[in-house]
Amino acid sequence: MNNKSLLLNGSFFEDEYQKKVDKLNNLEIKTVYVFDHNINPEIKKLPVYKIMDAISKLDKYERNFQIGSMVLNIRKREKNDLMDNYLNRLIEIQDFNLGIGIGDDKYEIQKNIYENNIEEVIKEIIENKDFEKNNVNLIIGGSSQKLNDLSLKYGLGINQWEGSPNSLKLKIEARSRATSKELNVSYCTKDFRFEGEKISQANYEIIYVLSEKKSFNKQIDEIQKYCLN
């Protein structure tokens, strides 16, 4: 199985995105993820897509890859808004890879947050009748032990944003001893030559993060050269 995926940069849909999606369709990739860029943009002066608009555009397009979110911060929206206008709508998408988290001080300023309990949100998601029917893959994004323990408790995926290959290896080993889905460990990186210190690619999904600092075409050329051979 192909375990390599992409995370779109915030300005992806600003110009000729149909041609960009065509180019992605020609790659052998597992999933194309979108991020909540309006919450945490890479470059603040550039325009960014809204996560639900991006998902809607990708879902309507004929494509050779799955789609997903990586990750949606559940504490940035009021609970009813979060469930009704985001999570419940995403669960309706077949084979959707739903990444959620609670934010991280290292990567975004934690202000204007709601006290939404992530375990309660997890329970509401997996108890939704569409969750199993549509084969939704729920992924927890974050580095804390609490989040790691929750992913193991409920047999869910775990995502690591950059960080040490050793930490990635420990996550893989922990899940190899548990009864959970295959490919339930993923790793986000901006390094297109990342090799994970030779960790078997069969054991985790690697998500290459597209940046605003290089052109789309140049980054896709690099990914084809270094990542997909």
How many residues are touching a residue at least 40 places away in the same chain (Cβ under 8 Å) and of a type in the set (A, V, I, L, M) if we restrict to region 160-174? 0
Just a yes or no: is a residue in region 12-28 assigned to a helix (DSSP H, G or I) and over 26 Å from Arg193 (Cα atoms)? yes
Could you figure out which of (1) part of a helix (DSSP H, G or I); (2) under 30 Å from Gly196 (Cβ atoms); (3) touching a helix residue (DSSP H, G or I) at 6+ places or on another chain (Cβ under 8 Å) isn't true of Ser69? (1)
Determine the pairs where a residue that is of a type in the set (D, E, K, R), located within region 68-92, has a partner that is part of a helix (DSSP H, G or I) and modelled with pLDDT of 95 or more with Cβ atoms under 6 Å apart, the partner being 6 or more residues away or on another chain. Glu92/Asp130
Options Ser180, Ser143, Ser200; residue that is more than 18 Å from Asn3 (Cβ to Cβ) and at pLDDT below 90: Ser143
State which residue pairs qualify: first residue free of Cβ contacts under 8 Å to residues at least 24 places away in the same chain and inside region 189-209, second residue surrounded by 14 or more Cβ atoms within 10 Å (Cβ to Cβ) in any location, beta carbons under 8 Å apart, and separation of 6 or more residues or different chains. Phe194/Tyr187; Phe194/Ile206
Can you tell me which residue is modelled with the lowest pLDDT among those in region 203-222 that are out of contact with any Phe, Trp or Tyr (no Cβ under 9 Å at 6 or more places or on another chain) and part of a helix (DSSP H, G or I)? Asn203
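Being among the β-branched types (Val, Ile, Thr) and closer than 20 Å to Ile139 by Cβ is true for just one of Ile43, Ile51. Which residue is that?
Numbers: Ile43 fails: closer than 20 Å to Ile139 by Cβ.
Within the list Ile43, Ile51, the selection yields Ile51.
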Return a yes/no flag: does region 203-222 have any residue that is under 17 Å from the mean Cα position of the chain (by Cα), of a type in the set (Ser, Thr, Tyr) and surrounded by fewer than 17 Cβ atoms within 10 Å (Cβ to Cβ). yes
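The values are calculated or read from the model by the stated rules, or taken from the named source; none is laboratory data. A quick note: this is a predicted structure, and the numbers were derived from the prediction, not measured. Cβ atoms come from the backbone with ideal geometry, glycine included; neighbour counts cover every protein chain shown.
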